[in-house]
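Here is the structure we will look at.
Only the coordinates and a few stated rules stand behind these numbers; no lab work does. Note that the coordinates shown come from a computational prediction; the quantities given were computed from them, not determined experimentally. Reconstructed Cβ throughout: ideal geometry from the backbone, glycine too, with neighbour counts over all protein chains shown.
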């Protein structure tokens with residue numbers, strides 16, 4: 001795309017979408033339920049990742065914004081859910097959440113680099129797709145577990 005470094009650097013402004021989505025999705029989660037809104041956030045993440053495959057730069061930028069919006073909104077829901085689900089040892093539960101959050105980003109950075117070197121950008125989007133699928137499965141397992149405890 002022959003963009004200058006300052007233009008490429010300015011693309012990080014899409015992270016502001018995460019500030020907006022964290023608050024907005026948190027309110028939606030209180031109203032409609034965490035699992036439903038987290039599912040929407042995961043769908044937005046996947047849509048954003050898929051947009052980045054498109055060759056048009058403006059579609060890629062929209063994809064980055066969607067991805068940031070879904071990711072940070074979903075992260076705020078998931079991290080707040082930990083404290084609500086943990087009956088005991090809430091601090092340890094939150095610490096474990098953050099441990100796996102950062103472990104996942106470390107493994108994804110390394111694994112993503114390997115995927116990129118072998119499959120290109122589509123490998124990264126595939127990895128994100130697998131992560132989104134895992135997120136849906138874990139969210140549904142948690143919902144079913146919580147329903148089982150309520151009865």
Failed condition for residue 53, given (1) part of a helix (DSSP H, G or I); (2) touching a residue at least 40 places away in the same chain (Cβ under 8 Å) | (1)
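Of the residues 46, 115, 103, which is surrounded by 13 or more Cβ atoms within 10 Å (Cβ to Cβ) and free of Cβ contacts under 8 Å to residues at least 60 places away in the same chain?
Of 46, 115, 103, the one residue that is surrounded by 13 or more Cβ atoms within 10 Å (Cβ to Cβ) and free of Cβ contacts under 8 Å to residues at least 60 places away in the same chain is 115.
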Selection status of residue 138, free of Cβ contacts under 8 Å to residues at least 24 places away in the same chain, surrounded by 12 or more Cβ atoms within 10 Å (Cβ to Cβ) and out of contact with any helix residue (DSSP H, G or I) (no Cβ under 8 Å at 6 or more places or on another chain) = yes
